[in-house]
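Enquirer: Quick one: this structure, given as structure tokens, is what I'll be asking you about.
Throughout, read-outs are computed from the coordinates displayed, never taken from laboratory work. Since the model is a prediction, treat every value here as computed from it, not as a measurement. Cβ: placed from backbone, ideal geometry, glycine included. Neighbour counts: every protein chain shown.
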Amino acid sequence: MYVHLDLKWFDHPFAFSHFKITSEDQIKTIRGLGLKTLRFSPELSDAKLQTVLSPLEAAPDPVVAKAVVPELQLEPSPAMQAKRAMMAQMKVRREAAERIERAFVDTAQTVRDIERDLYSRPAETVQQASKLVQKIADSILSAPELAIQVMGDKLGGEELYFHSLNVTMLSMMMARDLSLPVEVVGVLGVGALLHDIGRKEVPDKILMKTEPLTPAERNFFELHPTYGVEMAKRMHLASTALAIIGQHHELFDGTGFPNKLKGEAVHLLSRIVVIANYYDELCNPVSIADALTPHEALSLMFAKLRGKFDPKLLSAFIRCLGVYPPGTIVQLSNGLIGMVSTVNTARPMKPIVVIYDAEVPKEEAILLDMDSQSDLNIGKAIRPVQVPREVYNYLSPRKRVSYYFDSAAKRPAAGHP
């Protein structure tokens, strides 16, 4: 029997306010909630119950019937205690999200300063970039577990999206997964953060053009890695960082630019940045109307463009982000809609999902840890334009997807909220 509880989410012990009953313990718990009647949906209940449910009294809602619930008074059940623990853990996660948002804003501001001062104060800028990367590397590599989180718009807003910061975070996430030495991660981070410095030599009318580039414009644009290497040499960057800047558009199948390098002729660290860069450009193109969702971008890279990337590194990238990266709107196997907010790289198929529930205030939205729901899975990804306006406003997916990380808190063990 698929039941609906006419109680606020906080007043019952279940993960959701409507679900299919699967055990006697659930029935016992429902009887202890003090409900005089219980609504249920015959069409969502098991087929064998249809003939039993049909004669029952019809409720005003034609798709929902009503049954009388025998009253049974109970002390707070283990399930209710677990629910309260879940609510306490959600409070901790909200506080962590606010802390991560503040760290992201601070880091984005530093990146803005770096990009602004590249020409006027190159030596100081390189030192500032190295210091920032070292700080991020120390946090990422020392964390017992790494949680990649999509940034909301409470503090940052769309204007705090930085392609270079996203590419840096995603590249260093992969480096952690590959267990690269800390000194290598530092060079990778600097190269990733400064990979696009050559774009400063390309006119804005080319960089910001939303229509297809002319052949002449395309040739000019494809020189920006070369311009970047020239700038990086004047800044006395390490040779590996120079390789990243010069090769971040070189593809594994030899179809990239500017030199059409192929396979392992592209430096290992460059191949890492290539993947992060390509993914972020799919999610955050010049024209937002052309943006793919994180799930679509990852699916496209794996299903249709796989030959363009180092296969082992692409596997590592997907392993870290999961099939449903942060920022993906999903439908769960029980029909509920939510948005993936955090992916733990150790368990990417069990993300934390913000659940849409009209009866729960947006600021107190359910943060469901999929790792604690063994009988619940993500059914499919949904494009933001396909969800009702009220659901879109509730989940607030960002038009430009920015990622940051939480390295401070260890995730609870599986099976606990």
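Enquirer: Could you state the principal axis extents of the C-alpha atoms in the stretch 280-406, from the largest down, to the nearest angstrom?
Expert: 46, 36, 27 Å, listed from the longest principal axis down.
Enquirer: For the stretch 77-226, report the % of Cα-Cα distances exceeding 25 Å.
Expert: The answer is 45 percent, as a whole percent.
Enquirer: Give the relative contact order (percent, whole number) for the chain; include only Cα pairs under 8 Å separated by 6+ residues.
Expert: Contact order relative to length: 16 percent.
Enquirer: Mind checking which lysines have their C-alpha under 21 Å from Lys308, skipping anything on the same chain fewer than 8 residues away?
Expert: Counting by Cα, and skipping residues close in sequence, Lys308 has these lysines nearby: Lys260, Lys262.
Enquirer: For the chain, find the longest principal axis of its Cα atoms and tell me its angle to the long axis of helix 163-177, 0 to 90°, nearest 10.
Expert: 80 degrees
Enquirer: So what are the ³J(HN,Hα) numbers for the stretch 339-355, from phi and the Karplus equation (6.51, -1.76, 1.60; θ = phi - 60°), rounded to whole Hz, Gly and Pro as x?
Expert: Karplus-based 3J(HN,Hα) across the stretch 339-355 equals 10, 5, 9, 9, 10, 8, 5, 7, 9, x, 7, 10, x, 9, 10, 7, 9 Hz.
Enquirer: In a Gaussian network model over the chain where Cα atoms closer than 10 Å are linked, find which of Pro215, Pro351, Pro361 has the largest mean-square fluctuation.
Expert: Between Pro215, Pro351, Pro361, it is Pro215 that shows the largest mean-square fluctuation.
Enquirer: Could I ask something else about it? HN-Hα J couplings of the stretch 298-306 from phi, Karplus 6.51/-1.76/1.60, θ = phi - 60°, integer Hz, Gly and Pro as x?
Expert: Here the 3J(HN,Hα) series is 5, 5, 5, 4, 7, 7, 10, 10, 4 Hz.
Enquirer: Report the far tail of the P(r) of the stretch 166-300, meaning the percent of Cα-Cα pairs longer than 28 Å.
Expert: Looking at the stretch 166-300, the distances longer than 28 Å represent 14 percent of pairs.
Enquirer: Name the residues whose placed amide hydrogens come within less than 5 Å of the amide hydrogen of Phe405, ignoring near sequence neighbours (fewer than 5 apart) on the same chain.
Expert: Here Gln149 satisfy the definition.
Enquirer: How large is the Kirkwood hydrodynamic radius of the stretch 109-153, in angstrom, based on all distinct alpha carbon pairs?
Expert: Evaluated on the stretch 109-153, it is 12.2 Å.
Enquirer: As I understand it, the value is the acute angle between the Cα axis of helix 78-117 and the longest principal axis of the Cα atoms of the chain; what does it come to in degrees, rounded to 10?
Expert: On a 0 to 90 degree scale, this one is about 20.
Enquirer: For the stretch 213-304, what does the relative contact order come out to in percent, with C-alpha contacts under 8 Å and a separation of six or more?
Expert: The value is 18 percent.
Enquirer: Moving to a separate point now. Order 308-316, 200-208 from most to least packed using the mean count of other Cβ atoms within 10 Å.
Expert: 308-316, 200-208
Enquirer: Using a 10 angstrom cutoff on alpha carbons, build the Gaussian network for the chain and name the most mobile of Glu364, Glu211, Glu296.
Expert: So, out of Glu364, Glu211, Glu296, the one fluctuating most is Glu211.
Enquirer: Taking a cut-off of 12 Å between Cα atoms, list the aspartates and glutamates near Lys380, but don't count ones fewer than 8 places away on the same chain.
Expert: Glu296
Enquirer: Tell me, rounded to the nearest percent, the portion of alpha carbon pairs in the chain spaced more than 40 Å apart.
Expert: Of the Cα pairs, 27 percent sit more than 40 Å apart.
Enquirer: Using alpha carbons only, how many degrees (0 to 90, rounded to 10) separate the axis of helix 311-321 from the longest principal axis of the chain?
Expert: 50 degrees
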